[in-house]
Amino acid sequence: MTQPFIAPSLLAADFANLQRDLDLINRSEADYLHFDVMDGEFVPNISFGFPILEVVRKYCQKPVDVHLMIAQPDRYIDAFADGGASVIHVHYEACTHLHRTLTRIREMGCRAGVALNPHTPVDGLEDVLEQIDVVLIMSVNPGFGGQSFIPHTLQKVAKLKQLLVASRSSALIEIDGGVGLTNASALVGAGADILVAGSSVFGASDPMKAIQQLKDCQQP
Ligand code: DX5
Ligand code: ZN
């Protein structure tokens, strides 16, 4: 089985020891740092924004995977690109003009991602696949870390994989929410390329080992 890319989610880090946790990510086999932005409108929670991104840019050597859970992402794409994002995900449900939004993300030199809430079918992406570098499938309702994986998501990953293959799209599949050692190998088997993991990494007694195990998709 091919090894997935691993994107530990900063949301679960210890903010009193942010530099320490970023250093841990630097030394680990993580491929990205997942950066969750919540605005209290698109999701019922508020997380962090530009001041923390500045710290991340200063101390983190891994590419930053920005997940915008915000109502009007177009207003902030340039700022997140200038702030050092490598990938910017906007939510399908938050974009009236998705094609334009994705085009702008690429114009700003970032990879363009589209995130789908659990209830949003993958078929809606068919006519915009050429503009997409990564599809982020939410396997929990966005807004909080530490929630349980919604089992149906596994079929959704498989369905998206079929759609991408049939359309000859090279977009990657990213999965976010409740991901850990119990479901990693099934997700990768279904077609997931990038695993986002918050609590299963930072809540582990040995986060470096947890990243390594996710990478190897080892069953616990
Ligand atoms: C949830 C966020 C996730 C979250 C994942 O809204 O988008 O990225 O940090 O956390 P875990 O892995 O704990 O479910
Ligand atoms: Zn996320």
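Bear in mind that the values in this text are calculations on the coordinates, not laboratory data. Computed from a predicted structure; not experimentally measured. Here the Cβ is made from the backbone with ideal geometry for all residues, glycine too, and neighbour counts use every protein chain on show.
A few notes on this one:
- Beta bridges by DSSP in the chain, antiparallel share as percent, to the nearest 5: 5 percent
- The calculated 222 nm mean residue ellipticity attributable to helices in the chain amounts to -9000 deg cm²/dmol, summing -39500 (n - 2.57) over DSSP H runs of n ≥ 4 and dividing by all residues.
- Shape call, the chain: gyration tensor on alpha carbons, a/c limit 1.5: oblate
- Using only Cα coordinates, the Kirkwood hydrodynamic radius of the stretch 10-72 works out to 12.2 Å.
- For the chain, a Gaussian network of Cα nodes joined below 10 Å ranks H34, H99, H119 by mean-square fluctuation, and the top entry is H119.
- GNM top mover of A204, A190, A71 - the chain, alpha-carbon springs below 10 Å: A204
- Legend: distances between Cα atoms for K58/K209; K58/K156; K161/K215; K58/K215; pairs beyond 29 Å are K58/K156.
- The chain: DSSP helices with Cα axial extent of at least 27 Å and average Kyte-Doolittle hydropathy no lower than 1.6: none
- Neighbour net charge for P4 - beta-carbon separation under 12 angstrom, K R +1, D E -1: -4
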